[in-house]
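Peer 1: Pasting a structure below so you can have a look.
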Amino acid sequence: MITTKKTAQDILQEELLKERIAVLTRASERLTQALDTLKGIEAGIDEDMALLKAQGESPEFFGPEYRHRAKLISGVNEKIDQFNTAREYAEVRMYYLIVTREALGLRRHQRIEEFYRIPPRKQRLVER
């Protein structure tokens, strides 16, 4: 009969491995949440941009359409600011994930950076 009783070292190694997995999981989940937030903000920007495009250039510069357009542009710029702030947060979360991986002995991060792609910053619209 072969006994498969675990030694104290085996139990400790197993607990350390579980903790490593938990740490990496938390870091990647936080990055995923940050990227999901970015996607949500970007969807709102895209909707407002579609409204602006559908509205087209109004010939009336000082009419009610112009005020509505200016308000819409201002709203888009606020969302762009939110996007850029959320993007910076996602970059920090990416950095934390990479540092965590390195602390655990994982040195190659190219696949991580490809999988968790952070979109570029957005430029504010010019308000006239």
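The values are calculated or read from the model by the stated rules, or taken from the named source; none is laboratory data. Please read these numbers as outputs of a predicted model, since none were measured by experiment. Counting neighbours? That spans all protein chains shown, and the Cβs are built from the backbone with ideal geometry, glycine included.
Peer 1: Does at least one position in the stretch 73-83 carry a residue that is within 18 Å of Thr32 (Cβ to Cβ) and without any contact (Cβ under 8 Å) to a residue 60 or more places away in the chain?
Peer 2: yes
Peer 1: Separate question: Residue check: is Ala27 within 19 Å of Ala103 (Cβ to Cβ) and either among the aliphatic types (A, V, I, L, M) or at pLDDT 90 or above (or both)?
Peer 2: yes
Peer 1: Are any residues in the stretch 69-87 surrounded by fewer than 19 Cβ atoms within 10 Å (Cβ to Cβ) and among the aromatic types (Phe, Trp, Tyr), and if so, which ones?
Peer 2: Hits for the stretch 69-87: nothing passes.
Peer 1: Are there any pairs, at least 6 apart or on different chains, whose C-beta atoms fall under 8 Å, with the first in the stretch 10-31 and assigned to a helix (DSSP H, G or I) and the second surrounded by 11 or more Cβ atoms within 10 Å (Cβ to Cβ) and of a type in the set (Ser, Thr, Tyr), and if so, which?
Peer 2: These pairs meet every condition: Val23/Thr100; Leu24/Thr100; Ala27/Tyr96; Ala27/Thr100; Ser28/Tyr116; Arg30/Tyr96; Leu31/Tyr96; Leu31/Tyr116.
Peer 1: Let me ask you something else. What about Ile112, is it modelled with pLDDT of 95 or more and not aromatic (Phe, Trp, Tyr)?
Peer 2: So Ile112 does not fit the description; no.
Peer 1: Return the pairs, sorted by first residue and then second, in which the second residue is modelled with pLDDT under 85 and polar (S, T, N, Q), the first residue lies in the stretch 43-71 and is within 25 Å of Phe83 (Cβ to Cβ) and in a helix (DSSP H, G or I), the beta carbons are less than 9 Å apart, and the residues are 6+ apart or on different chains.
Peer 2: Listed pairs, sorted by first residue: His68/Gln55; His68/Ser58; Arg69/Gln55; Arg69/Ser58.
Peer 1: Given the criterion modelled with pLDDT under 95, touching an Asp or Glu at 6+ places or on another chain (Cβ under 7 Å) and not polar (S, T, N, Q), identify the matching residue among Gly75, Gly105, Gly56.
Peer 2: Step by step, each of Gly75, Gly105, Gly56 is checked, and only Gly75 is modelled with pLDDT under 95, touching an Asp or Glu at 6+ places or on another chain (Cβ under 7 Å) and not polar (S, T, N, Q).
Peer 1: Then there's this: Would you call Lys5 over 14 Å from Pro119 (Cβ atoms) and either surrounded by fewer than 12 Cβ atoms within 10 Å (Cβ to Cβ) or at pLDDT 95 or above (or both)?
Peer 2: Considered against the rule, which asks whether it is over 14 Å from Pro119 (Cβ atoms) and either surrounded by fewer than 12 Cβ atoms within 10 Å (Cβ to Cβ) or at pLDDT 95 or above (or both), Lys5 comes out as yes.
Peer 1: Which of the residues that make up the stretch 97-128 are β-branched (Val, Ile, Thr) and surrounded by 13 or more Cβ atoms within 10 Å (Cβ to Cβ)?
Peer 2: Correct list: Ile98, Thr100, Ile112, Ile118.
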